[in-house]
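Here's the structure we're looking at; comments come further down.
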Amino acid sequence: MQFEKYLSQNLPLLLIIIFLPIFGLAQEGTIRGFVYEQETGEPVIFTNVYLQKTTYGAATDVNGYFVISKIPPGSYTLMVTYLGYDTLQMIVDVRENEIISKKLYLEKASYTLELIQISAEREEARTETRTSVVKITPKQIKQIPSVGGQPDLAQYLQVLPGVIFTGDQGGQLYIRGGSPIQNKVLLDGMIIYNPFHSIGLFSVFDTDILRNADIYTGGFGAEFGGRISSVMDITTRDGNKTRYSGKVGASTFGANLMLEGPIKKQRENGQGSSSFIISAKNSYLEQSSQIFYNYIDTAGLPFNYTDLYGKISLLGANGSKVNFFGFNYSDRVNNYKSISDYKWDSYGGGTNFLIIPGSSPVLIEGHLAYSQYKISLEEEAGPPRESTINGFNMGFDFTYFVGKDELKYGIEILGFKTDYIFYNSLGLEISQEENTTELGAYVKYKKTAGKWLIEPSFRMQWYASLSNLSLEPRLAMKFNATDKFRIKFAGGFYSQNLISAHSDRDVVNLFYGFLSGPENLPESYNDKEISHKLQKAEHAILGFEYDLTANITANVEGYYKNFSQLTNINRNKLLDENKYPDEPDLITKDFIIEKGYATGVDFTLKYDYQRFYFWAVYSLGYVIREYESITGEIKSYHPHYDRRHNINLVASYILGAKYDWEINARWNFGSGFPFTLTQGYYGLITFMEGIYTDYTTVNEDLGIIYSDLNTGRLSDYHRLDISAKKTFNFNQYTKLEANVSVTNIYDRDNIFYTDRITGERVNQLPIMPSVGLMFSF
């Protein structure tokens with residue numbers, strides 16, 4: 001192919017461009033290094049490192065790494081400040097063309113500083129574009145009501161602006177009009193195909209091992225590719241490098257265990273270290289619900305899951321490191337309501353690394369991982385569905401620091417296999433087994449010019465199985481109008497290959513499968529020729545940030561996502577394409593072309609001062625899809641996750657002289673989801689034996705006459721959750737946390753679905769109190 005020929009001819013030049021900065025020499029002095037916690041050896045992220053009485057400084061990244069470059073020669077006082085830690089300062093002598101490397105250790109403050117204001121977040125707001133991105137840490141996750149003492153990322157994501165969850169049972173994540181298949185989830189650089197369990201209160205991630213999660217709801221930079229809506233980039237922390245420690249907990253929902261410790265202890269003499277961390281959590285709700293929650297269903301709530309994760313970290317003397325990790329996640333729902341048997345399993349492993357070359361202020365990162373996801377659903381009233389996806393992804397990223405500016409570029413390679421079997425309402429099989437490869441390359445430059453932050457980026461994505469090349473320019477900007485008011489923008493072009501394997505007609509949608517983008521798409525849409533086989537979207541986001549006071553920040557973002565081409569399963573397929581090649585595409589093709597858009601506005605108001613935290617979020621959104629009907633008419637519909645209004649109010653308050661009591665509350669309101677109404681029933685003969693079928697004697701199935709797609713609306717949803725936590729401290733390292741929580745405290749009857757056959761109304765979870773204990777050592 002032309003692309004492969006071009007790549008082979010220019011590969012030497014590409015490698016020279018990639019590695020040239022590694023061998024370059026700094027023209028002025030540079031200070032770089034890492035900031036760690038003295039107690040655990042864990043990197044201190046997003047803290048300020050600066051030279052006192054100058055404008056030179058930087059913030060640490062997710063690895064605790066910082067670079068201050070283009071420093072004039074001289075003697076300076078290097079300072080590190082972070083809330084809850086003693087300020088660190090030291091004298092450094094900077095010489096021309098010299099790179100100074102430091103490993104800095106912060107000690108926790110010996111007393112509580114109630115009046116200290118959090119300034120790191122405000123500083124980052126001025127120095128990072130941060131459009132349509134939310135940074136999440138374990139501390140924030142623990143500020144919302146936890147179920148059974150198990151704070152979880154899934155519970156926190158539900159309060160983010162622009163994020164919609166479709167329910168307590170089988171809920172999935174929909175971000176600013178994008179479906180789950182259009183959201184890329186990365187765990188330490190490894191692709192996770194389904195991050196949420198069938199009971200929507202829990203994700204596969206253990207909060208205790210998370211370091212940071214970046215949630216990009218749109219307009220993300222060129223370092224991310226292969227998805228057209230959003231990205232979740234999750235990083236786990238390293239194990240404790242100074243001592244063995246852990247946590248063990250249990251509640252009425254499930255249990256969890258976390259162990260960590262040094263393999264080789266960390267020392268301040270500059271030597272390397274190594275550590276491990278493992279976590280396990282599971283749900284025994286199927287058994288415990290028969291004791292504690294039998295008022296919901298005497299047969300119990302058959303939601304089962306088990307999540308295992310392990311990681312080994314090797315840290316070099318200069319801060320370079322390599323991690324090895326692996327996971328195994330599983331989920332089961334056994335014969336609940338209309339579901340006969342539902343299960344999925346996912347496992348994988350890989351490595352990532354960080355290299356600090358000695359001769360240049362460049363940061364080299366890389367990753368290599370493999371993962372697999374397999375799901376099956378067998379229904380009493382429908383044919384079975386199965387889907388499997390497995391494959392590898394690898395990449396290299398290079399970051400070069402030039403004063404306050406930053407150049408980042410890299411390459412990424414993905415290879416995966418999809419295997420899918422599905423039967424439509426007429427009993428016709430739609431199946432696919434496909435191998436595909438993707439190759440991406442990107443470059444991004446962040447320029448600081450006075451009050452402006454300008455971050456253009458460009459990505460080139462090659463889809464081998466479809467022989468399509470996608471060129472994707474992107475741009476993010478921020479204007480610091482005043483110290484308190486900021487204007488921001490982000491936008492760009494995006495593409496992806498994977499498509500979803502679920503039915504838009506499903507009132508209950510637990511099946512979350514994957515398909516590789518097919519080649520045999522219809523040749524035209526609305527009488528216009530289809531020029532490519534990819535799914536594509538264009539984003540534009542405009543936002544405003546305003547610091548009302550030192551503790552109150554308001555944020556407003558308006559967005560528009562144009563889904564210029566989407567691929568969906570053709571549920572109107574009537575004939576086999578191979579047997580009837582001359583019939584119209586709309587009744588013979590396995591897949592059809594759709595288009596659409598999502599638009600809306602998100603408002604957030606955040607207050608954070610001393611013991612009290614409050615966050616208010618309101619989202620107004622519209623999602624539209626268009627498709628070509630069998631008659632050639634363009635019809636539009638609202639997908640089942642189109643929620644017009646969504647409100648979240650979150651509050652957290654810490655009590656007690658020793659800060660050992662905490663109360664959290666969250667209230668959520670959402671307007672009703674669309675669904676397809678049932679108009680009637682008829683006797684369905686599928687003619688499974690073709691022309692030999694005797695329609696006078698064959699047994700009929702129950703056929704359903706549907707109304708227009710998703711023209712109905714469910715009733716509004718609202719729920720109040722409250723939790724309280726008491727901490728008993730025995731010594732410096734040993735403590736016990738007792739937690740009590742109530743989900744849906746006023747027992748709101750929120751509709752889940754109505755059974756199309758029996759007419760039975762099935763609600764979401766009612767009031768559910770829970771208690772839990774967590775022991776840390």
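For PHE485 and LEU83, what is the calculated FRET efficiency with R₀ set at 22 Å and r taken between the beta-carbons, to the nearest 0.05?
Efficiency for this residue pair is about 0.35.
Cross-link list LYS53/LYS488; LYS139/LYS184; LYS561/LYS635; LYS184/LYS374; LYS70/LYS408; LYS70/LYS446: which exceed 27 angstrom alpha carbon to alpha carbon? All intermediate terms of the calculation are to be shown ahead of the outcome.
On the way: LYS53/LYS488 29 Å; LYS139/LYS184 24 Å; LYS561/LYS635 19 Å; LYS184/LYS374 17 Å; LYS70/LYS408 18 Å; LYS70/LYS446 16 Å.
From the list (LYS53/LYS488; LYS139/LYS184; LYS561/LYS635; LYS184/LYS374; LYS70/LYS408; LYS70/LYS446), the Cα-Cα distance tops 27 Å for LYS53/LYS488.
When the accessible area of segment 134-288 is split by element with a 1.4 Å probe, what percent falls to carbon and sulfur? Let's see the in-between values first.
Numbers: 1800 of 3320 Å².
Answer for segment 134-288 is 54 percent, counting heavy atoms of protein chains only.
Please enumerate, by chain and number, the aspartates and glutamates with C-alpha under 12 Å from the C-alpha of LYS247, excluding those fewer than 8 residues away in the same chain.
Output for LYS247: ASP206, ASP208, GLU260, GLU737.
Express the accessible area of the chain per residue in Å², computed with a 1.4 Å probe while the remaining protein chains stay in the model. Intermediate results must be reported in sequence, preceding the final value.
Details: 32270 Å² over 777 residues.
Ligands and nucleic acids excluded, the figure is 42 Å² per residue.
Using a simple spin-label model with points 7 Å from Cα along the Cα→Cβ vector, what separation in nm is obtained for SER431 and VAL92?
6.2
Taking amide H positions as placed 1.01 Å from N in the peptide plane, with prolines and chain starts having none, which residues 5 or more places from VAL44, or on another chain, fall under 5 Å of its amide H?
For VAL44, the qualifying residues are VAL35, TYR36, GLU37.
How tilted is helix 2-23 with respect to the longest principal axis of the chain? Cα atoms for both, answer in degrees (0 to 90, nearest 10).
Roughly 20 degrees, rounded to the nearest 10.
Calculate, in whole percent, how much of the Cα-Cα pair population of the chain lies beyond 52 Å.
Working: 39812 of 301476 pairs.
Everything past 52 Å amounts to 13 percent.
Normalised by the number of residues in the chain, what is the relative contact order in percent for Cα pairs under 8 Å and 6+ residues apart? Walk me through the numbers before you get to the answer.
Working: 2145 pairs, mean separation 78.7, N = 777.
Answer for the chain is 10 percent.
Skipping prolines and chain starts, which residues have an amide H placed within reach, meaning under 5 Å, of the one on ASN570, given they are 5 or more residues away or on another chain?
Counting only residues 5 or more places away or on other chains, the set is PHE591, ILE592.
Given H placed 1.01 Å from N in the peptide plane, which residues other than close sequence neighbours of ILE199 have an amide H under 5 Å from its amide H?
Distant-sequence amide H within range of ILE199: GLY170.
Ordered by residue, what ³J(HN,Hα) values in Hz, to whole numbers, does segment 38-46 give under the Karplus form 6.51 cos²θ - 1.76 cosθ + 1.60, where θ = phi - 60° and Gly and Pro are x?
5, 6, 10, x, 6, x, 9, 9, 6
Using θ = phi - 60° and the Karplus curve 6.51 cos²θ - 1.76 cosθ + 1.60, what whole-Hz ³J(HN,Hα) does each residue of segment 525-536 get, with Gly and Pro shown as x?
Result, rounded to whole Hz: 9, 6, 6, 10, 5, 7, 8, 8, 10, 8, 8, 9.
³J(HN,Hα) across segment 557-570 via Karplus (A = 6.51, B = -1.76, C = 1.60, θ = phi - 60°), whole Hz, x for Gly/Pro?
Each residue's phi maps through the Karplus curve to give 9, x, 9, 9, 10, 9, 8, 6, 7, 10, 10, 9, 5, 7 Hz.
In the structure displayed, which of LYS103/LYS142; LYS264/LYS311; LYS142/LYS606 lie more than 18 Å apart, Cα to Cα?
On the way: LYS103/LYS142 30 Å; LYS264/LYS311 15 Å; LYS142/LYS606 16 Å.
Result: LYS103/LYS142 exceed 18 Å.
The values are calculated or read from the model by the stated rules, or taken from the named source; none is laboratory data. Source: prediction; values computed, not measured. Using ideal geometry, Cβ is built from the backbone for each residue, glycine included, and neighbour counts are taken over all protein chains shown. We work out accessible area using only protein heavy atoms, side chains counted, and drop any ligands, DNA or RNA first. Shrake-Rupley method; radii C 1.70, N 1.55, O 1.52, S 1.80 Å.
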